[in-house]
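The values are calculated or read from the model by the stated rules, or taken from the named source; none is laboratory data. Fair warning: this is a prediction, and the values are worked out from it, not measured in the lab. When we count neighbours, we look across all protein chains shown, and the Cβ atoms used for this are built from the backbone with ideal geometry, even at glycine. Surface accessibility is based on the protein's heavy atoms, side chains included, excluding ligands, DNA and RNA. Shrake-Rupley method; radii C 1.70, N 1.55, O 1.52, S 1.80 Å.
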Number of protein chains: 2
Amino acid sequence: MTHPKRRGRRPAGEDTKAALLSAARAVFTEQGFDGATVRTIASRAEVDPAMVNHWFGGKQGLFAAAIQLPVDPEQIRMTVHNSPPEEIAERVLRTFISVWDDSSGGGFAALMRSAATQESAAKLLREFIATTFGTRLRELGVDHPDLRVTLFGSQLSGLGLVRYVLRQEPLASADVDTLVATIGRTLQRYLTGDLGLGGE
Amino acid sequence: MTHPKRRGRRPAGEDTKAALLSAARAVFTEQGFDGATVRTIASRAEVDPAMVNHWFGGKQGLFAAAIQLPVDPEQIRMTVHNSPPEEIAERVLRTFISVWDDSSGGGFAALMRSAATQESAAKLLREFIATTFGTRLRELGVDHPDLRVTLFGSQLSGLGLVRYVLRQEPLASADVDTLVATIGRTLQRYLTGDLGLGGE
DNA sequence: GGATAAATTCACTACTTGTTGAAAAGGAGT
DNA sequence: ACTCCTTTTCAACAAGTAGTGAATTTATCC
């Protein structure tokens, strides 16, 4: 054993880029952006920290690559825009659940933990939701459109929090139909139902 | 001008301890425990970083002093236990709102941001909610008590998220009665209402 | 097989963090 | 006025951070 670790190009097949990505998803999910260190990620990927710079240009680039949202904003916008009013909630909820359930590495948790510190992602998300749903609701002519959007957002983000971040049972493993029956009904009321406010 | 800053004991009245506490609440709330740095807090308090050690024994001590929860768990437990079933949601919601609205420095945001990384606080909170509400619901003999508790938690934490962390209008400034009318109704349905699940 | 390019390691820089200890400054008590 | 003692500042440390660049090893192409 002359060297602690073999230098130079490794035999093909050991895809360090993929290993880094996988480790990054795990660590970012657990620790958030600031909490995660390049060294920790590299060590979990059994790879040199410098590889992060080599492959992704730095910590920020690795983060961007690791947390690529499995969401196509345009698709959601279309869903909201083209659904009949009374089905918007169910369709969006089903999309929400299938997207984040599939995102194997707990992408939502990562998003939450990073949004708390990064703030920029949260702002984008916020504005996206506000405009997408806001315009549609105004189009439909319901009362208190802005309040409805934030109510909708509160229940949806709360679901994400409990299901994906806290992983609290039985909600964490509840099947889609159960969620649609319970939370979907709430969401639909927030969008187009009777809010229960006296005036008007 | 012989010295950049005057050394030594300051004239009485400039309570640096209080200044530090106030700055600490603000910065911890905005950045969370890890994100906040002693230097930032000290600088906002216009005070030397070393004062944190002098007065609070370190960053951890300052945190403990700054974040004292304005919640009395026993009080909530009593509310849940002694309320007639159909009023639990409204009472808990009103308590929740008044407690966290009063907590001037955004205590909920600090709790969330720290809970995301610290995890121990989250676990405690989770178990507290699960047992308190779980036992009461089982006592009442409703179906799916555990699911109901998590649904309840999802809407309540979502409200906290949007109102206190993201501060999204108009929900962030909505008055108590509006919240009771909209979200309270949801919460009550989750606790004792019809969940909409086929079976039973 | 020899040249080239890619992949990896390592030593290093520059910076930030929390914390420490000594020195300085001024009030308080006698 | 003289001594304490508290408060404050400053400089520095040890540990940890991300990122850089040269050196080195290996695959791949001609």
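The mean number of partner chain beta-carbon atoms within 10 angstrom of a residue's beta-carbon across peptide B:141-150 is 3. Computed from the C-beta positions of B:Ser22 and B:Glu169 and an R0 of 25 Å, the FRET efficiency is 0.45 to the nearest 0.05. For peptide B:156-166, the mean count of partner chain Cβ atoms within 10 Å of a residue's Cβ comes to 6. A Förster radius of 45 Å, combined with the Cβ-Cβ distance separating B:Asp177 from B:Arg39, puts the computed FRET efficiency at roughly 0.55.
To the nearest 100 Å², how much accessible surface do chains A and B hide from each other in total, with a 1.4 Å probe? Can you show the working numbers first?
Details: alone 11990 and 12130 Å², together 20960 Å².
About 3200 Å² of accessible surface is lost on pairing.
Here the simple spin-label model places points 7 Å from the Cα toward Cβ, and for B:Thr131 and B:Ala50 these points are separated by 4.6 nm.
At the residue level, B:Met78 shows approximately 100 square angstrom of accessible surface with a 1.4 angstrom probe and all protein chains present. Three principal axis extents of segment A:134-200 based on alpha-carbon atoms, in descending order, are 39, 22, 19 Å. Averaging 1/r over each pair of different alpha-carbon atoms in segment B:16-66 and inverting the result gives 10.1 Å, the Kirkwood hydrodynamic radius.
What average count of beta carbons from other chains do you get within 10 Å of the Cβ of residues in B:175-186?
Numbers: counts 0, 0, 2, 7, 3, 1, 5, 14, 7, 1, 6, 11.
What the average comes to for B:175-186 is 5.
Given a 1.4 Å probe, how much area per residue of segment A:16-66 is accessible, in Å²?
On the way: 2540 Å² over 51 residues.
On a per-residue basis, 50 Å².
Computed over protein heavy atoms with a 1.4 angstrom probe, the accessible surface ordering of A:Arg126, B:Arg39, largest first, is B:Arg39, A:Arg126. Taking all protein chains as they are arranged and a probe of 1.4 Å, the heavy atoms of B:Ile88 leave approximately 0 Å² accessible to solvent.
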